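Heads up, the thing below is written out as structure tokens.
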Amino acid sequence: MKFRVERDVLAEAVAWAARSLPARPPVPVLAGLLLAADEGKLSLSGFDYEVSARVETEADVEEPGTVLVSGRLLADISRSLPNRPVEISTDGVRVIVVCGSSRFTLPTLPVDEYPALPQMPTVSGTVPGEAFAAAVAQVATAAGRDDTLPVLTGVRVEIEGDRVTLAATDRYRFAVRDLMWKPEQEGLSAVALVPAKTLLDTAKSLSAGDVVSIALAGSGKGEGLIGFEGAGRRTTTRLLEGEFPKFRALFPTEFNSVATVPTPAFVEAVKRVSLVAERNTPVRLSFEQGVLTLEAGSGDDAQATERVEADLEGDDISIAFNPAYLLDGLAAIDAAVAQLSFTTSTKPALLSGKHAPDAEADEAYKYLIMPVRLSG
Amino acid sequence: MSVWDDLVGQEQVVEQLVAAARSARVVLGESGRSGDSRNSGAEEQSGSSGMTHAWLFTGPPGSGMATAARAFAASLQCTSPDLELGGIPGCGFCEGCHTALIGSHADVESVRTDVLSIGVKETRELVRSASMSPAGGRWQVIILEDSDRLTEGAANVLLKAIEEPAPRTVWLLCAPSVEDALPTIRSRCRLLVLRTPPVAAVADVLVRRDGIEPEMAAFAARAAQGHIGRARRLALDAGARERRAEVLKLPLRVADLGACLAGAQSLVDAAAADAKQVAEEVDTRETEELRAALGAAAGVGGRMPRGTAGAMKELEDRQKRRATRTQRDSLDRALIDLSSFYRDVLAVQFGAAGELSNEEMRQAVERVAGESRPEATLRRIEAVLACRTALERNVAPLLAVEAMAVALRAG
Ligand SMILES: [Zn+2]
């Protein structure tokens, strides 16, 4: 194998592919990056059994070939190289990296021990990279972190024609985001449960691209894999199996009260009152016309009260939430004004965003939050 | 050279597993037919019933439970083109078989315990990966080599995953006997029982696979009493043979108390030396492989990149734990050798015809047989068993072995 490539191109590609390498490789070869050079292209691949990453760039290939080298070593070396063209070649069981006056020798790892990389499924459609990353971040915030309930550590991706719905829950809140996308074929319908942390990382790392292609295979048959591709970078992720809670029926459609609060003031007030509350103790919200009163702490504990200007339509209501979950939701709506809709103080409340007090609430993102029952 | 070749004297088990691997192919929508057309009708009828999500492999140590589980895992990942023509799943050559056998296949996870129990935390991690779809679109196989070492809490965590398996996840549990697995787990697994491989079959595989001289192979197979790994080591390693001979001198030395205690010490030492040698052979290679993969600078002791210390430390800890376990296993092997000696003594005392397990030591066996009565021999076998039990309960090795040596002396 022998090829030449620009230093920046190499360093960026190696850094990206090396992200997916496991810190504690279950077998040594998984610490390797697979370099394949052929027909003017260089590809670099890494795999940690759950996520595979592959990046392809242009290269001046003199002699095609495939080689496995330590990902960390190659990343360290390519970062430190001077800004000159880099020539990489094999010499027996070694790889030689030459750049300007620098020359490095790397040992190769056994390619035949390297596991087969997952096949990228056929592309199902595309979304703008930045919008996708933002949507995933809005939803992933509600995903569970408890590995004993693997289903809840995932983001459900539902594809129905030109609409993609993302949903996640940890049983205490439920986030759902709709976005439009460009399917490759009409009438496409598919579902997948993607590990939330992986989806978040992947969407972020592909956000620079104009479009991200989403490729979904074998949904529902247990052999599922989801692939993402943008700007020459592609990743595959194994899907989670299991029944995701049916969420559409959980979202109330009729309300007894609807409150509107400027988001920044709301957030500041929740943060301040929850300072006196012990971890995970609730913050109580009382809405009356024109004002929202927030309280935390009870009995002998320190008490805190805050008042925020708020608009209320419908009945006065007093309801309590876990402040962390409320703050997650207020951050996720990413809007100047927060709208909270209630049925009763023991039923979940619906949080959505508005860009102005008199605007319509954003229908694309909904955050359902379970209230905390207060004793007495 | 198929993946089944390393299973010695387990024809029935192999037959069941091959049938399951074939029906597993049918589940995937691939051809599951066998080359033998006479059987094809019956196989079609059995359909997918031959494949199931949870298996319990049992058998005496050394009979090849883990080997059988790995071979089955490989056969489920086999992608040999011959399969379409009715070939046996588990060709041993294709990428699927190869990476499954060497342990790097993405969808074959093998858990070996070096510690004495498998806890809730590790099991939760396994259950999480079990809830994912396979990376290669076939089956995700999880091999639990010491499922008898699951704590009760861990077994309960595992139970849920086995009760509601992901559609493409297969659990392969191994335990010495059915009784070693918790009843709740046992009842959800299909049971496969491996037998102690016959001496002739073990000798044959040593000749065939490892190129060992027939005479040496016959000796090693007999001495190892069906433990394939042990037989191989005895055949290949003169040091191991010497240490074994040293252990078997104990019955002749117990008459004198000083020699008896010295004998106990040398038995413990021999086991430690055995373990040390096994560890050295594996550890150095393992460490070098990981160092290279993590990007060590060239040359011995070359500098490691930042952030790799954790992985190296983890390997070191694992090697230490493994050394402890190997030492226990070696000591247990030595005690099994010792009890085989007394069983030979008993055979001579009862005038049984035929070959002894320790035929090469017939003179010593006959001497001890002549100097004692069968009742004493039985008590001595009991003493060896009691020592094994004590070691299982974590009694300090030298204490346990000394107590045994004194009991052997009393006769
Ligand atoms: Zn194969």
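General observations
- Filter pass, B:THR123 being within 11 Å of the ligand (Cβ to nearest atom) and of a type in the set (Ser, Thr, Tyr): no
- Just one of the listed residues (B:THR169, B:THR151) is of a type in the set (S, T, N, Q) and at pLDDT below 90, namely B:THR151.
Condition check ((1) surrounded by fewer than 15 Cβ atoms within 10 Å (Cβ to Cβ); (2) closer than 14 Å to A:LEU340 by Cβ; (3) among the hydrophobic types (A, V, I, L, M, F, W, C)) across all residues:
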site: A:GLU254; (1), (2), (3): yes, no, no
site: A:ALA259; (1), (2), (3): no, yes, yes
site: A:THR263; (1), (2), (3): no, yes, no
site: A:GLU268; (1), (2), (3): yes, no, no
site: A:SER274; (1), (2), (3): no, no, no
site: A:GLU278; (1), (2), (3): yes, no, no
site: A:THR281; (1), (2), (3): no, no, no
site: A:ARG284; (1), (2), (3): no, yes, no
site: A:LEU294; (1), (2), (3): no, yes, yes
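- Count of the range B:63-89 residues, restricted to those that are within 11 Å of the ligand (Cβ to nearest atom), of a type in the set (A, V, I, L, M, F, W, C), in a helix (DSSP H, G or I) and within 14 Å of chain A (Cβ to nearest Cβ), is 2.
- Positions within the range B:186-199 being closer than 12 Å to B:ALA231 by Cβ and in a helix (DSSP H, G or I), in sequence order: B:VAL199
- Qualifying positions in the range A:113-134 - farther than 30 Å from A:ALA332 by Cβ and small (Gly, Ala, Ser): A:ALA116
- Among the residues of the range A:107-135, those that are outside any loop (DSSP other than H, G, I, E, B), within 12 Å of another protein chain (Cβ to nearest Cβ) and surrounded by fewer than 22 Cβ atoms within 10 Å (Cβ to Cβ) comprise A:PRO107, A:THR108, A:VAL111, A:ASP112, A:GLU113.
- Identity of the residue in the range A:59-89, under 28 Å from A:THR198 (Cβ atoms) and outside any helix (DSSP H, G or I), that ends up nearest to the other protein chains (Cβ to nearest Cβ): A:SER70
- Scanning the range A:45-58 for residues that are more than 8 Å from every other protein chain (Cβ to nearest Cβ) and part of a strand (DSSP E or B) yields A:SER45, A:GLY46, A:VAL51, A:ALA53, A:ARG54, A:VAL55, A:GLU56, A:THR57, A:GLU58.
- Set A:ASP358, A:ASP311, A:ASP315: member being more than 21 Å from A:ALA175 (Cα to Cα) and free of Cβ contacts under 8 Å to residues at least 12 places away in the same chain: A:ASP358
- If you check B:ALA155, B:ALA161 for being within 14 Å of chain A (Cβ to nearest Cβ) and away from the ligand (no atom under 16 Å from the Cβ), only one passes: B:ALA161.
- Residues of the range A:103-134 classified as under 27 Å from A:LYS366 (Cβ atoms) and touching a residue at least 60 places away in the same chain (Cβ under 8 Å), total: 10
- The test for being within 11 Å of the ligand (Cβ to nearest atom), more than 9 Å from chain A (Cβ to nearest Cβ) and under 14 Å from B:TRP171 (Cα atoms) does not hold for B:ALA54.
- Where a residue in the range B:62-77 is under 16 Å from B:VAL18 (Cβ atoms) and free of Cβ contacts under 8 Å to residues at least 60 places away in the same chain and its partner, wherever it lies, is polar (S, T, N, Q) and away from the ligand (no atom under 16 Å from the Cβ), with Cβ under 8 Å and at least six apart: none
- Taking the listed residues A:ALA335, A:ALA331, the one that is surrounded by fewer than 22 Cβ atoms within 10 Å (Cβ to Cβ), assigned to a helix (DSSP H, G or I), touching a residue at least 12 places away in the same chain (Cβ under 8 Å) and within 21 Å of the chain's Cα centre (by Cα) is A:ALA331, with no other qualifying.
- Per the conditions (1) more than 26 Å from the chain's Cα centre (by Cα); (2) under 30 Å from A:ALA53 (Cβ atoms), the sole criterion not satisfied by A:THR260 is (2).
- Looking across the range B:303-331 at every residue that is facing another protein chain (nearest Cβ under 10 Å) and over 31 Å from the mean Cα position of the chain (by Cα), the one that is surrounded by the fewest Cβ atoms within 10 Å (Cβ to Cβ) is identified as B:ARG306.
- Inter-residue pairs, beta-carbon under 8 Å, first assigned by TED's automatic domain parsing to the domain that holds B:GLN16 and at positive phi and in the range B:84-103, second within 10 Å of the ligand (Cβ to nearest atom) and of a type in the set (Ser, Thr, Tyr), 6+ apart: B:GLY90/B:SER2; B:GLY90/B:SER75; B:GLY92/B:SER2
The values are calculated or read from the model by the stated rules, or taken from the named source; none is laboratory data. No experiment lies behind these values; they were computed from the predicted model shown. Neighbour counts are summed over all protein chains in view; Cβ atoms, including those assigned to glycine, are modelled from backbone coordinates with ideal geometry.
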